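Read through the structure below, which is laid out as structure tokens, and then see the notes.
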Amino acid sequence: MRNLLTIAAKDTRIMVRDRAALLVMLAMPLGLIFILGSALGNLGEGDSLDAEVAIVNDDTGETGQRFVDALTSAEEIDAVFNIHVRDDAGEVRTEVERGDLTAALVIPADLTDRIMRGEPAPLEVLQDPGSTVSAGVWAAVVRAGVAQASAQIVAGHTLAEALSTPPSAGPPPGADASGASAGVSHGYPGQAQELELDAVHVSELEVELEKEVSMISYYAAAMSGMFLLFGGMFGAFSFVRERREQTLARMISTPSSTAVIVGGKALGVMLIGALQFLVLLVGTRMLFQVDWGADVLAVVLVGFAEVLAAAGLAMALAALGKTERAIGGIAPAFIMLFAALGGAMIPAEQLPSWLLPAQVFSPVYWTIDSFLQLMQGGALVDVAPNIGAVAAIGIALLGFGAWRVRYE
Amino acid sequence: MMRKILSLAWLNAVQLVRNPAEVVGVIVLPLALTMLFGSAFAAGQASDIRVLFVDEDDTTYSAQVGELIDAEESLRIEDATRVDAETEIAAGDAGVAVLVPRGFADALERGSATIEVMRNPNSQNGFAIVSVVQGIATRMSGNAAAARVVAATPALKADFDDVYQTADAKWSPRPPVYAEASQVVASEVRGDSVIAEGTTQSSIGFTVWFILFMTFGSAGGILEEREQGTLRRLMVAPVSRTTILTGKVVGTVLAATVQALILVLVGAFGFGVPWGNDPLAVVMVLGAYILAGTGLAVMVSALVRTRDQMSGLSPLVSTALAMVGGCMWPLEIVSPFMQTAAKLTPTGWAVMGLTDVVFRNQGVEAAMVPTLVLLGFAGVMLGIGVKMLKFE
């Protein structure tokens, strides 16, 4: 045991002496959490888009103008889009092509005519191919407006038909029968007058959410899950360097068993990992007011399990890669795949469904899930299975490493 | 001199190929991530968005709500009970639930029906789904408005349900007014679904991101040689410092070019990303970016002491630059501050340039500014790197 601790202490000392590496491991995660938090902090609030869009109304009748008025007067639309009313469709198309405008609505010259003739009338929505989000939202806004118009026309036509073929005619209550043939009054062409379209309304129900996790807290959990594993990469570097410089061979020649040497090295990685976790925990708490939850013991245990996984990863990497350069290639690949699968880059729920079963192999997945549960008020009992899963992955990796690693 | 530079560049390639793990890391990983993120962002193409549907009324009208949601291209309904929906939404397992309460059909006839929507405010798709439901409510309201008027006229002897169905039939195959959305790309118009936007965004982003891994890995080789003492041996040979560095830079640029070529070809043929719109413009932006990435890698090599530090730093620096530069998500969704920050990074300019060239097919003219800015980055960083790099 003493030998194991000595080896662990030696590895930790070497690591701590390398100020630059230490700074990278401790400061970079905080930097990335900051970037992610400020980049994506206002995601989901529609008004963060503020996209430039245009409307061109070529309609010779009056229906087109109704669309323009409806779109430009709605406050909710105004909050998301800066709408420019323009008259040159060709020019607008070019600007959308270039990405100067995010999207546009072009109302055709024969809109009113087509509606009068009872033909379906298309409105053209132009989208900047470089915009994957705002342009789609604009199309949705236009479609909502178009649905209103269609509903009015459908209702108008249905009424007109019913009234023109009555078994015994008489003006129905609530409808101005004379308007049906007179065409546009203040409704859409071919329709009596604007009907109240409020038979079905949509109401949003309040949902009592479990305690909400802010974007920066989410990424604090996610980046911690990912960066603790990077400690494993540095552990593997240390192992490979000692193998190259033959100090590992010297250790083998001492009475210490390989188990003690592997254990000592793993413990060294864990000590550094614990330090890293402490900095992340305190740093995110002080700098970004991240609330890690009330159950501090559970938070520490989750971190501890992830650090164990990092130690396991270090040994597995040392077994897989011969040189530092090789490890520098595979380690980020492993860690980033674990991270992407675990939801460190985009929330796990957005991953394709066929991939979800693979998440169980990612320690990052279990770690992020645990931290989020704790942030939402969960306790140790809730995350105990997750802690077990991460520890099991760590032990499996450690076992694989100890089995396959070469000491000389 | 030229021969020496080429042999040094060749040495770099040999060192690289000897490390299959590194090659896998810089080529297979970005392709795997392109696929992962591509399908995540391409909503509706790879995976439909799940909408919980609670039908408490169990009538043709309530069923129509579900059918119309399900008919929407990117949405898929899943039947649930009110309690399930509440639990799933509260826990964040589902983003949106649509509920049709008991008595919906009767209320529709009276003109006062309600469709309830429950959504988790953190769900990114919530906004779009609510607008779809709003559209359905409008359609049903229109039908009901006509049906109520007719049914209320005894002389017409018409049934609410019949008139409702007559009106509803007018919505298909096309409603009276409809919107046709299309993406306009210079000299062509692509339909709504022809282009795999999600994959294009990821293919561009990950190519830009992982080129940095390659340049870091390759340029870091000089540190390895310094540690192993082979660099010192080179110095005693009749080779100038400039030649050695030029050889290293040429080697790095070549390696990154081969990597970029593979990523672009697989993106184009495997994922249908329109990389081939204007090859010259793509070559300009990517070429300048590879030079900038090489400059950055040489500069970082000069700032760190050991290969270990370089290996540890490179994934972090490249990931940070990738995040700020818009490699992982479209820049249009980030805050204005971060949009400005993107313009201070080579990754940001590469993504902006490639978005113009690949997404928008804007050609060489649009590639000019990003290319020049990237060459500027390359010059400055390479200059600093070369000046500061210690050989012993």
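Laboratory data are not the source of any read-out in this text; all were calculated from the coordinates shown. All of these numbers come straight from a predicted model, not from anything done at the bench. No Cβ is skipped: glycine too gets one built from the backbone with ideal geometry, and neighbour counts run over all protein chains shown.
Structure above, values below:
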{"read-out": "Backbone HN-Hα couplings from phi across the stretch B:152-165 [Karplus 6.51/-1.76/1.60, Hz, Gly and Pro as x]", "value": "7, 9, x, 4, 7, 6, 10, 9, 3, 4, 4, 5, 4, 5"}
{"read-out": "Base-10 log of normalised Debye intensity for the stretch B:280-325 (one unit scatterer per alpha-carbon) at q = 0.14, 0.15, 0.25 Å⁻¹", "value": "-0.41, -0.46, -0.93"}
{"read-out": "Projected-area average for the stretch A:90-132 over all orientations - Cα convex hull basis, square nanometres", "value": "3.3"}
{"read-out": "Extent along principal axes [Cα atoms of the stretch A:292-408; Å; largest to smallest]", "value": "49, 32, 20"}
{"read-out": "Mean projected area in nm² (Cα convex hull; one quarter of hull surface) for the stretch B:198-294", "value": "6.9"}
{"read-out": "Per residue Cα convex hull volume in Å³ - calculated over chain A", "value": "195"}
{"read-out": "Exercise: per-residue mean of other protein chain Cβ atoms within 10 Å, B:159-169", "value": "2"}
{"read-out": "Selection of GluC sites (Glu not before Pro), the stretch A:202-288, meeting DSSP coil and at most 11 other Cβ within 10 Å", "value": "A:Glu206, A:Glu208, A:Glu245"}
{"read-out": "Over 22 Å (Cα to Cα) - which of B:Lys248/B:Lys387; B:Lys343/B:Lys387; A:Lys265/A:Lys322 fall in this group", "value": "B:Lys343/B:Lys387"}
{"read-out": "Check: chain B dipole with +1 on Lys, Arg Cβ and -1 on Asp, Glu Cβ, in debye", "value": "2960"}
{"read-out": "DSSP-loop GluC sites (Glu not before Pro) across the stretch A:289-361, with at most 12 other Cβ within 10 angstrom", "value": "none"}
{"read-out": "Within straight-line cross-link reach of B:Lys390, aspartates and glutamates at Cα separation under 15 Å, skipping those fewer than 8 residues along the same chain", "value": "B:Glu224, B:Glu225, B:Glu227"}
{"read-out": "Kirkwood Rh, angstrom, the stretch A:58-163 [1 / mean 1/r, Cα pairs]", "value": "14.8"}
{"read-out": "Charge-dipole axis of the protein assembly as shown as Lys and Arg at +1 and Asp and Glu at -1 on Cβ define it, positive-most pick from B:Thr340, B:Ala155, B:Val239", "value": "B:Val239"}
{"read-out": "B:Tyr178 long-range amide H proximity, modeled H, under 5 Å", "value": "A:Ala121, A:Leu123"}
{"read-out": "Distance histogram for chain B (every C-alpha pair counted, 20 angstrom bins, percent rounded to whole numbers)", "value": "23, 39, 24, 11, 3, 0"}
{"read-out": "The stretch B:98-141: C-alpha gyration tensor shape, a/c 1.5 cut-off, then a/b vs b/c", "value": "oblate"}
{"read-out": "Mean Kyte hydropathy of 1.0 or more with a Cα span along the axis of at least 27 Å, helices from DSSP in chain A", "value": "A:19-40, A:258-288, A:296-320, A:380-404"}
{"read-out": "Rg over Rh, two decimals, the stretch B:240-392 (C-alpha only, Kirkwood Rh)", "value": "0.99"}
{"read-out": "Volume in Å³ per residue [convex hull over Cα atoms, computed for the protein assembly as shown]", "value": "150"}
{"read-out": "Unit charges on C-beta of K, R, D, E only; dipole of the stretch A:210-313, Debye", "value": "560"}
{"read-out": "Beta bridges by DSSP in chain B, antiparallel share as percent, to the nearest 5", "value": "45"}
{"read-out": "Segments B:64-72, B:230-238 sorted - mean Cβ within 10 Å per residue, highest first", "value": "B:64-72, B:230-238"}
{"read-out": "Lys, Arg +1 and Asp, Glu -1 on Cβ, resulting dipole of the stretch B:300-392 about Cα centre, debye, nearest 20", "value": "280"}
